[in-house]
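The block underneath contains the structure these notes are about, expressed in structure tokens.
What follows draws every value from the coordinates through simple rules; no lab data is involved. Since this is a predicted model, take the numbers as computed values, not measurements. Virtual Cβ from ideal backbone geometry, glycine too; neighbours counted across all protein chains shown.
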Amino acid sequence: MSNSHQDLLDLTLAFFGRVTARGTHEIKNELAVMNEQIHLMQEMLALAESGREPDLNRLSELTQRIIVRLEQADGAVKRLNKFAHSADLEQKGADMVQSLKIVEPFFFGRLTGGNRLTLKLEGEDISAGTDKKQALLEQAIWACLESVAEAAEPEQEIRSKVEKRPDGLALCFEARLSGQLQEPPSQILDPLGARVTILEQGGLEMIVPF
């Protein structure tokens, strides 16, 4: 295996590791909260067995909390499952907007650190199809997000836009920067034939050929 292929493999494994770690950590947190609520319910039921009148309002409140956490855990499982199915390297063809929507919840989720960055997507209604492999496209999008987030000022909204250009699909991320923005690794961009341009107004643009 050549060095470039080994580098791509290492970067891809690291990417999938980060995404799955964030997804499973979110699920673990939801399960921990549900477990805590269940223990409280068990304590109340034990008191009821000893003759103490149970607080039905409190039991109802705990039940509702468990339902909410269960719904959040279910959403996390579905997002992780969708990401896992998108990783089929034998499947060609991907949509730029949909690929961004798949990785966005993991990157900007509640458990991704204290920078409090959010994402605003424009142009999400356009048809942004390409013949590239979706897993590689998602990895490139993640790498672009990492580059911008590492240089961005905290507590702001990163603006993103997808456009069709004559030479391919353009994905732009703009933000106020407090540090120097670095281009994503070429090992991630080259398999897509993609190129990245650093924007003077702050941010970067990635163009992926159709």
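Observations, loosely collected:
- Of the trypsin sites (Lys or Arg not before Pro) found in region 39-105, the ones in coil according to DSSP and having at most 12 other Cβ atoms within 10 Å of their Cβ are R52.
- Among the GluC sites (Glu not before Pro) in region 85-191, those located in a DSSP loop and surrounded by at most 12 other Cβ atoms within 10 Å of their own Cβ are E90, E155.
- Set of lysines near K161 by C-alpha distance (under 25 Å), chain-local residues within fewer than 8 positions excluded: K82, K92, K101, K120, K132, K133
- Radius of gyration and maximum dimension Dmax of region 92-208, Cα, Å: 13.2, 39
- Using C-alpha pairs below 8 Å separated by at least 6 residues, the relative contact order for region 131-210 is 34 percent.
- Relative contact order (%) - criterion: Cα under 8 Å, at least six apart; region: the chain: 18 percent
- Computed from Cα atoms alone, the Kirkwood hydrodynamic radius reported for region 24-137 is 17.3 Å.
- Hydrodynamic radius (Kirkwood) for region 3-85, which is based on Cα pairs only, to one decimal in Å: 15.4 Å
- Normalised by residue count, the chain yields a Cα convex hull volume of 149 Å³ per residue.
- For region 95-199, the list of chymotrypsin sites (Phe, Trp or Tyr not before Pro) that fall in a loop by DSSP and count at most 12 other C-beta atoms within 10 angstrom is empty.
- For the pair E71 and S186, a Förster radius of 35 Å applied to the C-beta separation gives a FRET efficiency near 0.25, rounded to the nearest 0.05.
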